[in-house]
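Report on the following structure.
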There are 2 protein chains.
Amino acid sequence: MEQLNELQDKSKLIRKWCLISTTEAESGHPTSCLSAADISAVLFDKYFTYDIGNPLNLFNDRFVLSKGHAAPLLYTLFGMAGAYPLEELKTLRKFGSRFEGHPVPEFIYTEAATGSLGQGLSVAAGLAMVAKRENLPYKSYVLLGDGELAEGQIWEAANFASYHKLDNLIAIMDVNRLAQSGETMFGHHIEKYADRFRAFGFETITIDGHNFEEVDKALEKACNNKSDKPVAIIAKTFKGKGISFLENKDGWHGKALKKEELQKALAELGEVDDSLRFNLIKTSQIKLPEKTAVNDSFDLSFEKNKEYATREVFGEAVTQLGKKNTNIYVLDGDVKNSTFTEEFLKVFPDRFVECYIAEQNMVTVAAGLSRLGKIPFVATFAAFLTRAADQIRMARVSEANIKFVGSHVGVSIGEDGPSQMGLEDIALFGTLPGTIIFQPADAVSTVKLVSLMTNHHGFVYMRTLRPKTALLYDVAQEFKIGGSCILRQSGDDVLTIAASGITVFEALKAADELKKEGINVCVMDCYSVNPVDKTTLIKCLKETKKQILITVEDHFTHGGLGDFVIAAVSDMNFRVEKMAVSIISRSGSKEQLMNQAGIDVSAIIIKTKELIK
Amino acid sequence: MEQLNELQDKSKLIRKWCLISTTEAESGHPTSCLSAADISAVLFDKYFTYDIGNPLNLFNDRFVLSKGHAAPLLYTLFGMAGAYPLEELKTLRKFGSRFEGHPVPEFIYTEAATGSLGQGLSVAAGLAMVAKRENLPYKSYVLLGDGELAEGQIWEAANFASYHKLDNLIAIMDVNRLAQSGETMFGHHIEKYADRFRAFGFETITIDGHNFEEVDKALEKACNNKSDKPVAIIAKTFKGKGISFLENKDGWHGKALKKEELQKALAELGEVDDSLRFNLIKTSQIKLPEKTAVNDSFDLSFEKNKEYATREVFGEAVTQLGKKNTNIYVLDGDVKNSTFTEEFLKVFPDRFVECYIAEQNMVTVAAGLSRLGKIPFVATFAAFLTRAADQIRMARVSEANIKFVGSHVGVSIGEDGPSQMGLEDIALFGTLPGTIIFQPADAVSTVKLVSLMTNHHGFVYMRTLRPKTALLYDVAQEFKIGGSCILRQSGDDVLTIAASGITVFEALKAADELKKEGINVCVMDCYSVNPVDKTTLIKCLKETKKQILITVEDHFTHGGLGDFVIAAVSDMNFRVEKMAVSIISRSGSKEQLMNQAGIDVSAIIIKTKELIK
């Protein structure tokens, strides 16, 4: 290797800035950066192809830092690639700096927010998949720590990458032996990781991660990979490498050096040429993600007296939108015949991604797709979206533009029992700032809301129902984010019932029964759960005699529609009563279970009469 | 094999009842039962050692049905073992039956609720670990489907089982090729699974799952395993095996046979001896889990003017309780030096379970421990408990007695940034019916609440803080589930501020500042977030001039303390204002981030003045 000295100097400069920046910050993970300094120096010096002026250029290689706590390494690498002056790294972890403790989108070179471990391989797989599907030439690199290889998501992603033959994916494992609180499960036995990745269908290369020639050969081999398999480079490294009192020493995870320790460390590093920079290989072309216009018009029509399952209508609607918007991708976790995304698969196999029963990977792959301008729809049972709660959380931090659709919500699914019931999904998505939540009750609203969710940039979650429901709306009806529809109203309503999804029908039945007894109630369909239609809620409350509002929903009591409604009117003196599921349900018919949970027509009638006494 | 004919007949009887029960229910997964009928016939006929009168007998073998949708198989097996008349299986999936669509604890022979896939191996590992730690002779069997092997949790559990040398664990894979919506990733290539399990440290045996001799030899070998490795029996099977129009046919997942199809199927099965039963091997001894009394007295004392981190005090408290209660286990995900469970490890290495960075497996292993009478404490960063949201959900359905402790909650953690902040944890646990949620603000309350959570049977979650906080309470102070403490109160308070955890100190500072301006406010420490202290909240509201309540918390706006408080008083005409985190936070100091989020002393002062105008 001709430029060995220069490479050594560059990795010294990387080390220097990882140490300086964390000491300035008085926190951070310098030793986790040092173990990967040599590997990344070779990658950026010789292989990484990137248009620094256009991070979204679709001809750029991709670099995902899965071990997000090594953020100073990422920041130093792009600084040495000319993105900003290295001096700015002294703002690390300070309020207002783009260099946060773990990478976030404000640092525009990060492919995704990381910091919750074991997610980067899925991000990289999502990025690699776009290249495969669209014949783009780039490589997708991901740097992982050894501690995070214990996370199951890694192995979901590994199966996914090999199954989909992502031979443009290069995963580099920085096996530095020491995790946060002690040695990892396998210490420096890199063959244990190699065995696992090989069994999961990867080409594997084991190296000494501090030997530049071995690193170079491994990356060269990986870049020339013709095996149709993804590549895993498993590098034996030392945490804190290069500084004698840090190297391979326990007790240094997540600790910045004190000022005097830093001086000692820099003295050990010796003279460093501060002018050294990476001259990244430029991409041959510029191609940015295209935005595709969404046309709202649908060719769907519905028969007035027929019932439709909103989950099924969703499948048809997203397929129709897919014709007009070629950025739409659909991801499935082996339930495509339940969520009805199989419709999309039939028409657009190239934009359908089968993730099998591995929801965590599915969500993070979607974050990767979103990074490159795609609009991924992630659909599974609402209950199983909880499997990916952390991935959803992190995708939100990544500002990903993902559309989630959870089917089989509530006790109304019936016989399958509690394990299959989505009863905490509104809470899951509702906590995440700015997440839109829709719950259509009928076919027409489903179609309209699928269109709205596609057009809204950002997180949107839609709940769909297992049972079929009657039509409530004419196709001319308008729907909007933050909207609602009043379905029953008279001049002398005693109170208002705010329902959503399946409970809309229970509320309507209750209203009709009560009317026979001379009791009029106002019924609202809160199809927009978040933001909820505060204006209409208050208007209805004011117009009803008792100024009482009942919310009724097929969701657990805490964190659902009821809490959004109560919060919306809590600054005024109204009385609100939540009706929701407060028990672990069981097997039974839809009617029995809604009755047992106290959210059916009879419960609403009893509650209404009790409140107006 | 001597009794081949009888075995064949027994597996016929299994098939018969799996078919009959699902047809009666008009739903269910008969074909998923049929593929495993032969394997389980051999297991129950010859190997399974069990005291049917005492499901909790610690000398019993354990049988976990990870593929929970094959519940009729489980029910038939225990029926044929004499637990109940087979006729009762006709109540399958009906309201009130113990035979639900997926196994739940009402079926007392189930080791855990299953039905969300990929969790059973972790349950079985937890059960196997108890035997290892306590020198009990039983085997822990788990039956898995091939579809669920795509779930990452499987590989977390596989690492866990081999790392902890659980050679008493026997995992049987029913590789029937067909998942819900099509063929699995690897179809009938059972060697792909064998490669993976071997790489993950298992002894592997591949067999034809319909060849009784092969099944028998495999089970015999597994039972005599002397390798110190767990065993994986990977069986090639056919979905719907035994019925020509179901066998290996796509499109039959989760479908019950119609009455006429059932007749055809039963005719194909031919004559079945309905009197056949499994004569399970009896256990040699009876030993039931022991309850250990918890003594509340602590030897901990705190210095009045010193500050303590509640996370650190938790570590000390659980260690002290561990001395008195030998059922307490502590599980860690490589953060024991952050959650301070390392204290427990030092004193009780035999009851400390290192799970490494694999939170899903950690939670489900805890469910396994709970089944056998242990009181597992699961501790990690609150943010990373979201990684196991589905496992937490299912453990709740299992009625597991788990204590969760989430550290590093809120933006108050500072520089590490949003990926490490627990801001949705109250919503996560709060939705699950009957879950107690505590958030201590100081050392004394932490100690008292750790004791309360241990004594309460069921789900309890406690939030702990990263920063140190001052003492608020004297050791004589009493704490209770559903309690609170009033920290500031005067005869003429204008409004009430309900805080919890770190915001208690902001509220106190605000109260002291406001007092200087002649404005008195009432300050409550809602250490019991759920149930929240409704009585005291209403009392305070009534006693304050404006009858206004402010909630202030370091949690996202939706689903936190504020929503519990609002819901508690929503049936009365009070005004409640939530102050909480409504943005994705960033890196910065605790003070900067609490200020940015609008939950610090200055925000409380401004809000108070605004409300009393």
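The values are calculated or read from the model by the stated rules, or taken from the named source; none is laboratory data. Given the structure is predicted, the values throughout are model-derived calculations rather than measurements. Because the Cβ atoms are built from the backbone with ideal geometry, glycine has one as well, and the counts that use them run over all protein chains shown. SASA here: full protein model, heavy atoms, side chains in, ligands and nucleic acids out. Shrake-Rupley method; radii C 1.70, N 1.55, O 1.52, S 1.80 Å.
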Note on segment B:580-613: residues without any contact (Cβ under 8 Å) to a residue 60 or more places away in the chain and within 20 Å of B:G430 (Cα to Cα) are B:A580, B:S582
Which ones in segment B:36-57 are farther than 30 Å from A:M421 by Cβ, in a loop (DSSP other than H, G, I, E, B) and open to solvent by less than 10 Å² (accessible area, probe 1.4 Å)?
B:F48, B:Y50, B:N57
Specify which of the listed residues (A:V447, A:V409) is of a type in the set (V, I, T) and away from every other protein chain (no Cβ under 14 Å).
A:V447
Exactly one of A:R196, A:R177, A:R133 is out of contact with any strand residue (DSSP E or B) (no Cβ under 7 Å at 6 or more places or on another chain), crowded, with 20+ Cβ neighbours inside 10 Å and among the charged types (D, E, K, R), and that one is A:R196
Flagged in segment A:257-279 as assigned to a loop (DSSP other than H, G, I, E, B) and either closer than 18 Å to A:T31 by Cβ or not β-branched (V, I, T) (or both), in numbering order, are A:L257, A:K258, A:G270, A:E271, A:D273, A:D274, A:S275, A:L276, A:R277, A:F278, A:N279
Filter pass, A:G315 being of a type in the set (G, A, S), part of a helix (DSSP H, G or I) and buried (at least 16 other Cβ atoms within 10 Å of the Cβ)
yes
Restricting to segment B:433-453, name every residue that is open to solvent by 10 Å² or more (accessible area, probe 1.4 Å) and not β-branched (V, I, T).
B:P433, B:G434, B:K448, B:L452
Hey, does segment A:222-230 have a residue that's small (G, A, S), within 18 Å of A:F48 (Cβ to Cβ) and either in a strand (DSSP E or B) or in contact with a Leu (Cβ under 7 Å, 6 or more places away or on another chain) (or both)?
no
Is there a residue being assigned to a helix (DSSP H, G or I) and within 14 Å of chain A (Cβ to nearest Cβ) anywhere in segment B:107-120?
yes
Please find, among A:A150, A:A131, A:A124, the residue that is touching a residue at least 24 places away in the same chain (Cβ under 8 Å), over 19 Å from the mean Cα position of the chain (by Cα) and away from chain B (no Cβ under 14 Å).
A:A131
Name the residues in segment A:403-412 that are farther than 24 Å from A:L345 by Cα and not in a loop (DSSP other than H, G, I, E, B), would you?
A:V411, A:S412
Scanning segment B:317-336 residue by residue, those charged (D, E, K, R) and touching an Asp or Glu at 6+ places or on another chain (Cβ under 6 Å) turn out to be B:D332, B:K336
Only one of (1) open to solvent by 10 Å² or more (accessible area, probe 1.4 Å); (2) within 12 Å of chain B (Cβ to nearest Cβ); (3) among the acidic types (D, E); (4) assigned to a helix (DSSP H, G or I) is not met by A:E415, so which one is it?
(4)
Among the residues of segment A:522-539, is there at least one that is without any contact (Cβ under 8 Å) to a residue 12 or more places away in the chain, open to solvent by 10 Å² or more (accessible area, probe 1.4 Å) and not acidic (D, E)?
yes
Could you check how many residues of segment A:93-109 are within 20 Å of A:N57 (Cα to Cα) and either among the acidic types (D, E) or open to solvent by 10 Å² or more (accessible area, probe 1.4 Å) (or both)?
5
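Can you go through B:A567, B:A499, B:A476 and tell me which one is in contact with a strand residue (DSSP E or B) (Cβ under 7 Å, 6 or more places away or on another chain) and open to solvent by 20 Å² or more (accessible area, probe 1.4 Å)?
Criteria check complete, one pass: B:A567.
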Of these, B:E290, B:E261, which one is modelled with pLDDT of 95 or more and open to solvent by 40 Å² or more (accessible area, probe 1.4 Å)?
B:E261
Per-region count, segment A:454-473, residues exposed (fewer than 14 other Cβ atoms within 10 Å of the Cβ) and either touching a Cys at 6+ places or on another chain (Cβ under 9 Å) or of a type in the set (K, R) (or both):
0
I need the full set of residues from segment B:66-92 which are open to solvent by 10 Å² or more (accessible area, probe 1.4 Å) and outside any helix (DSSP H, G or I), in order please.
B:A81, B:G82, B:A83, B:Y84, B:P85
For residues in segment A:551-572 being free of Cβ contacts under 8 Å to residues at least 24 places away in the same chain and out of contact with any helix residue (DSSP H, G or I) (no Cβ under 6 Å at 6 or more places or on another chain), which is farthest from A:S500 (Cα to Cα)?
A:D571
In segment A:452-471, what count of residues is obtained for those that are over 26 Å from A:A567 (Cα atoms) and either at pLDDT below 95 or of a type outside the set (G, A, S) (or both)?
7
Tell me, which residue of segment B:136-147 that is under 25 Å from B:Q285 (Cβ atoms) and open to solvent by 10 Å² or more (accessible area, probe 1.4 Å) is farthest from the chain's Cα centre (by Cα)?
B:P137
Name the single residue, out of those in segment B:418-432 being part of a helix (DSSP H, G or I), within 30 Å of A:F107 (Cβ to Cβ) and facing chain A (nearest Cβ under 8 Å), that is most open to solvent (accessible area, probe 1.4 Å).
B:L428
Keeping to segment A:224-253, report how many residues are closer than 19 Å to A:Y138 by Cα and open to solvent by less than 30 Å² (accessible area, probe 1.4 Å).
5
